[in-house]
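The values are calculated or read from the model by the stated rules, or taken from the named source; none is laboratory data. Owing to the predicted nature of the structure, the values given are computational and were not obtained by experimental measurement. Every residue, glycine among them, receives a Cβ derived from its backbone with ideal geometry; neighbour counts consider all protein chains shown.
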Amino acid sequence: MMQSNDGWIKTTCAYCGVGCGVEARPNMSGELEVRGDKSHPSNYGKLCTKGIALGDTVIHDGRLLAPIDKRTAGGEELDWHSATQIIADNFSKAIKEHGPDSVAFYVSGQLLTEDYYVANKLIKGFLGTANIDSNSRLCMASSVVGHKRAFGSDTVPVCYDDLEQAELVVLVGSNLAWCHPVLFQRLRSAKQNNPSLRVVVIDPRRTDSCDIADEHLALNSGSDVALFNGLLTHIAEHGCLDDEFVSNHTNNAKQALDQAAQESDIESLTGLSQEQLQRFYQDFVTTDKVITVYSQGVNQSTTGSDKVNSIINCHLATGKVGKEGTGPFSVTGQPNAMGGREVGALANTLASHMEFDKPEHLALVSNFWGTENLASKPGLKAVDMFDAMAEGKIKAVWIMATNPMVSLPDSEKIRKALETCEFVAVSDCIADTETTRMADIVLPAQGWSEKSGTVTNSERRISRQRRVMPSPGMAKPDWWIISQVAQKMGFGEAFDYLHEGEIFREYAALSTQGNQNGERDFSLIGLTQLDDKGYSQLLPQQWPVTELQSEVVNQRLFSDKQFYTPDRKANFVPVRHSAPKSVTSEAYPLLLNSGRTRDQWHTMSRTGLSARLGEHKSEPYVQIHPHTANEYRVQNGQLVLVSSAQGKCQVRAEVTSEVSPGQLFIPIHWNNLTAKDAKPCDLIAPYTDNASGQPEFKHTPVTLQPCLYQSAALFTSRHVMDFDKLDYWARQKIEHGYLYRIESTLSVYELAQQLKSHLTGESDRIASYESGMSGLKHRFVSVVNDKVSQEVYVQPRLSETDISSIIENFNRHVDSAQESVFPDESQLVS
Ligand SMILES: Nc1nc2c(c(=O)[nH]1)N[C@H]1C(S)=C(S)[C@@H](COP(=O)(O)OP(=O)(O)OC[C@H]3O[C@@H](n4cnc5c(=O)[nH]c(N)nc54)[C@H](O)[C@@H]3O)O[C@H]1N2
Ligand SMILES: Nc1nc2c(c(=O)[nH]1)N[C@H]1C(S)=C(S)[C@@H](COP(=O)(O)OP(=O)(O)OC[C@H]3O[C@@H](n4cnc5c(=O)[nH]c(N)nc54)[C@H](O)[C@@H]3O)O[C@H]1N2
Ligand code: SF4
Ligand SMILES: [Mo]
C-alpha cells in the first residue's frame, strides 16, 4: 500500500543521495508528520536530522506563488499562459537571430527524473543544442568520467548491502557522517555487529566520520593520486595482483603500473609517514572485501577524474569489483544526481546513457523522439556556459532548481554573466534567492511534498516521490512548465504529457532502444509496460530492471566480469600525480577547503526554514588550526576576513586542530541572504578538471586577518531585516522569527542608536535599558500585541548566555503594565 489506512503516504526524502524512504501524513492543523519508511531498502525506517525536520520546511514562508515579470516596475504577476509564452518567445527569438547555441538550460540534481527528462528532450531534441548542464557538473562529473574511462559506462557497481558485507571500508574525501548520515549509521551498525570490519578515513580534515575510523590519514589536499598510485605499486610489488582477472578482463594494466611506479616522493606529496602508508596499503591488499567510498574530496578537484581512476585501478588490480562487499563506490550528493545522469542532462552525454560520438545512438534518439533537429555535438559545461554568457554569447538561459549565484565558483563572474545575458528565466520554489534576484522572469515550481515523480539514489535505486500536500499559489511541476513552453514553441505533439507517469513510461522505453540484449548498463525494460496504477504504486526498483521488482533486490554489476567497453574488458587508466591548478603564494599562503555541515542543505533555501536545524551550526565559520590562528593573531570566536585573489569572506573563527596548520575550512551554506559576505564561492577561482569540467572547490589559496570591531549586537525579529549597511551580520532561524548576530566598527552607543531605529513596534511600547555609568550595555524591546516582537542587545562583546537569554525572551507574552519586558533585569545593572 502506498497510502496506509491511517493516512501515511510513502515517499522519499528531499535531500541527499542516500534516498531514504519516508512516510508522511498531513495532520489536522495542516502540519506534515514525517517518519522513516521501515520497508524502504535505503534506510529501513531510519532518518537523519534533516529527514526528521522535513515537516518544518514545508511551510509557506518565502514561497514563490506566481510567475513574475521582474522587468516591469514592481514586478507584475503573470498567468501561466503569458509567462510560458514570454519564455517561448525569448528562446525562439534568440535561436532565430543567433542560432541554437545561443540558448542554454542550467538544471539540477534536485529535479525529478520526469522533469529532467523533459528538459533534456526539449533542448537537445527540439531546440537543437546540447547547451544543458546540471549542477551535477559541480558534484559528480569527475566520477562520470572515471567510470566511463574504466568501465565504458557510467556505472556504480555496488549496492548499500555491500557496505555491510565489507571487511574494510575506505572513505576518501567523504564526510559520510554529515553528508550521507543514514548510510553512515548503517556502516556504524555493521561495524558494531562485525568488530573485524575496519574503517579508514582519508581526508585532510578530521571530521565526525573519523568517530568510527580505525585510522585517519590526514593527507595533503590534492594528493590522492599519489597515495593510490603508491597503493597500486605496493599491490604489484607484493605479488597481490589478481593475475587471472587482470589478464583476462582488463586492458592497460602494464601502462598504469608503469606510471604508478614512477610516482616518487609519495611521503612528501601526501604528508603521510611511511608507517601510515604501509599500514593502509597492507590492510588493502590483505583484505578481500574492500569498498572505497568517495565523494567531493575526490571529485571536486582539478585532478578529480584521475583521482577516481587511481582508486578504480587499485580495485581492478586486485579484482575487487563485482564481488560481494567489494568495489569503488562513488556516493551521489543530491536526491536525483543519478537520475540526471540516466536521462543525460549533462552537456556531454546524449540521453539514457547514449553518447554523442556514436552515430547509431544519434539515430536511435532522433527516431525515438521523432525529431530532425537533434543536437549532434556536446554543449557547454557549467563553468564554460557561464563564461560564454559573460561574453554575451548566450542570449537566453533558463535556470531550474539550482542557485548558481551561490554555488558556482567566482560569484562575481556569475553575476556578470547573468547581467549580460539578455533573458534569464529562473524556476524555483522560493521567491528570494541570490539567483531569482538576477532573473527577468521567475516561475513558481512545486517543491518537495507537492511534486510527484521518481528519483534514483546512490545504489541505482529508483523510488517514487509522492505528492502529500497541495501546492501553494500557482506552483506547478517543472515538467509541466517545460512542456508548456515546448508547446508554445511549436513542439506540441512531442510534449503533450498529461501526467508524470506518461513521461516515466517514455523514459523507460528510451532506455531500451538498441538495448534489447543489455548492450548498455542502464535499462528499464521491465518498466516499459507500467500502467498508471503500476506507476502510482511503484515500489523501489534497482536498475537494470529486467522485470518489475515486487520485492527488494540487491544487484551488483560486473559480477560476470563483463564491462561496457567494445571488448567487454575494463580499462586501467594510467595516471600520475599533478599539483592542483591553483597554487599558494606569498600573498595567499593558506589553503581554503569548503564543504558541508550536518544540518544545513546547500544554500539553505529549505533547511534554513527550520529553527531546529539552525541550532547545530548557527553562524558562518572558518576552521583554523591553533598554530595558524596564533600566527595570524586570531582568537577563537573572533570574526575574521578571509581573502583570495577573487574576493573576500567574513566568518567567525573556530580554532581547532581538526584542520592542519595552513588549512582553512568554510561551510558552503551561508550566502548574501543569510549573512554579509560569507560565501566561499566569492573566493574560489573557476579552475576545472580538464576531462570532467568539474570545478576545484577544495583548494583555494587565501590569506587571513582578524576583523577589529568595537561593538556587537543581537537582534531578534519576527520578520527578515535588512542590515546590509552594517559591517557584519548573520541570520539564524529561531522559533517564530530570526536572530541576527551583528558586529560593527561603530561605538556601542552609536550601534545601539542605529539598531534602535530598526525597531518597528509602536514607540510607546518600546522599552529600553541603557546601563548607567559605562554606557556599554543597551537593550531595547519592542512589544506588539503583548508579545516581544523585536529585541536589540548591544555590548562590546556578547556571550552564549546573552544569546540564550534573547532567544528565550523572544515572542514571550508580557503584560507590560505589571512586569518588566526584561526578564533578567537584575543582571543588567552594572
Ligand atoms: N548535511 C548535508 N548533507 C549533504 C549535503 C548538504 O548540503 N548538507 N549535500 C549533498 C551533496 S549535493 C553532496 S555532493 C554530498 C557531498 O558529500 P561529501 O563529499 O562527503 O562532503 P564535503 O563536505 O563537500 O566534502 C567531503 C570531504 O572532502 C574533504 N577533502 C577536501 N579536499 C580533499 C582532498 O584533496 N582529498 C581528500 N581525500 N579529501 C578532501 C573535505 O575536508 C571534506 O571533509 O553531500 C550531500 N549531503
Ligand atoms: N564552495 C563550494 N561550492 C559548491 C560545493 C562545495 O563543496 N564547495 N558543492 C557543489 C555541489 S556538490 C552542489 S550539488 C551544488 C549545490 O548548489 P545549488 O544547487 O545551487 O544549491 P541548492 O541550495 O540546493 O539550490 C537548489 C535550489 O532549487 C530550489 N528547488 C528545490 N526543489 C526544487 C524543484 O523541485 N524545482 C525547482 N524549480 N526548484 C527547486 C531550491 O529552493 C533552491 O533555491 O553546490 C556546489 N558548490
Ligand atoms: S540520510 Fe539523506 S536521504 Fe536519508 S534522511 Fe538524511 S538527508 Fe534524507
Ligand atoms: Mo552535490
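Per-structure values
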item	result
Any hit, the stretch 344-364, residues being assigned by the TED database to the domain that holds TYR281, surrounded by fewer than 24 Cβ atoms within 10 Å (Cβ to Cβ) and among the acidic types (Asp, Glu)	no
Pair list, Cβ < 8 Å and 6+ apart or interchain, from the stretch 169-187 residues that are closer than 16 Å to LYS289 by Cβ to residues that are within 16 Å of ligand 4 (Cβ to nearest atom)	VAL169/VAL293; VAL170/VAL293; LEU171/VAL293; LEU171/TYR294; LEU187/LEU176
Qualifying residues in the stretch 755-770 (those that are farther than 23 Å from ASP727 by Cβ and assigned to a loop (DSSP other than H, G, I, E, B)) - the one modelled with the lowest pLDDT	GLU762
Helices (runs of 4 or more DSSP H) contained entirely in the stretch 127-191, each with at least 1 residues that are of a type outside the set (S, T, N, Q) and within 13 Å of ligand 1 (Cβ to nearest atom)	141-151, 176-179
Leading residue by the ranking (nearest to ligand 4 (Cβ to nearest atom)) among those in the stretch 1-53 that are of a type in the set (Phe, Trp, Tyr) and more than 21 Å from GLY109 (Cα to Cα)	TYR44
Yes/no for VAL58 being modelled with pLDDT under 95, within 15 Å of SER449 (Cα to Cα), buried (at least 19 other Cβ atoms within 10 Å of the Cβ) and under 25 Å from the mean Cα position of the chain (by Cα)	yes
The lone exception for ARG205 - which of (1) within 30 Å of the chain's Cα centre (by Cα); (2) among the charged types (D, E, K, R); (3) assigned to a helix (DSSP H, G or I) it fails	(3)
Count of residues meeting criterion [within 16 Å of ligand 1 (Cβ to nearest atom) and on the phi > 0 side of the Ramachandran plot] in the stretch 1-59	1
Selected residue (only one of ALA678, ALA713 is assigned to a strand (DSSP E or B), among the small types (Gly, Ala, Ser) and surrounded by 21 or more Cβ atoms within 10 Å (Cβ to Cβ))	ALA713
Top-ranked residue in the stretch 321-331 [being closer than 15 Å to GLY304 by Cβ and not small (Gly, Ala, Ser); ranked as nearest to ligand 4 (Cβ to nearest atom)]	VAL331
Selected residue [within 16 Å of ligand 2 (Cβ to nearest atom), of a type outside the set (D, E, K, R) and in contact with a helix residue (DSSP H, G or I) (Cβ under 8 Å, 6 or more places away or on another chain)] from ILE68, ILE59	ILE59
Residue in the stretch 590-597 that is within 16 Å of ligand 3 (Cβ to nearest atom) and over 30 Å from THR745 (Cβ atoms) present	yes
Candidate set from the stretch 553-592 (those that are surrounded by 14 or more Cβ atoms within 10 Å (Cβ to Cβ) and of a type in the set (Gly, Ala, Ser)); member that is nearest to ALA691 (Cα to Cα)	SER582
Residue that is nearest to ligand 2 (Cβ to nearest atom), among those in the stretch 353-388 that are under 23 Å from ASN309 (Cα atoms) and in contact with a helix residue (DSSP H, G or I) (Cβ under 6 Å, 6 or more places away or on another chain)	ALA382
Residues that are among the aliphatic types (A, V, I, L, M) and either buried (at least 24 other Cβ atoms within 10 Å of the Cβ) or near ligand 2 (Cβ under 9 Å from one of its atoms) (or both), drawn from the stretch 681-703	LEU683, ILE684, VAL702
Spans of strands (runs of 3 or more DSSP E) in the stretch 215-330 with at least 2 residues surrounded by fewer than 22 Cβ atoms within 10 Å (Cβ to Cβ)	215-217
For ASN90: the one exception among (1) surrounded by 24 or more Cβ atoms within 10 Å (Cβ to Cβ); (2) assigned to a helix (DSSP H, G or I); (3) more than 16 Å from ligand 1 (Cβ to nearest atom)	(1)
Checking ASN252 against (1) in contact with a Lys or Arg (Cβ under 6 Å, 6 or more places away or on another chain); (2) on the phi > 0 side of the Ramachandran plot, the condition it does not meet	(1)
Scope the stretch 804-820; condition modelled with pLDDT of 85 or more and in contact with a Lys or Arg (Cβ under 8 Å, 6 or more places away or on another chain); matching residues	ASN811, ARG812, HIS813
Test: ALA653 is surrounded by 22 or more Cβ atoms within 10 Å (Cβ to Cβ) and either under 30 Å from LYS381 (Cα atoms) or in contact with a helix residue (DSSP H, G or I) (Cβ under 8 Å, 6 or more places away or on another chain) (or both)	yes
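Conditions (1) surrounded by fewer than 19 Cβ atoms within 10 Å (Cβ to Cβ); (2) in contact (Cβ under 8 Å) with a residue 40 or more places away in the chain, marked per residue:
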position	(1), (2)
VAL720	yes, no
PHE723	no, yes
ASP727	no, yes
ARG731	no, yes
TYR740	no, no
THR745	yes, no
GLU750	yes, no
LEU755	no, yes
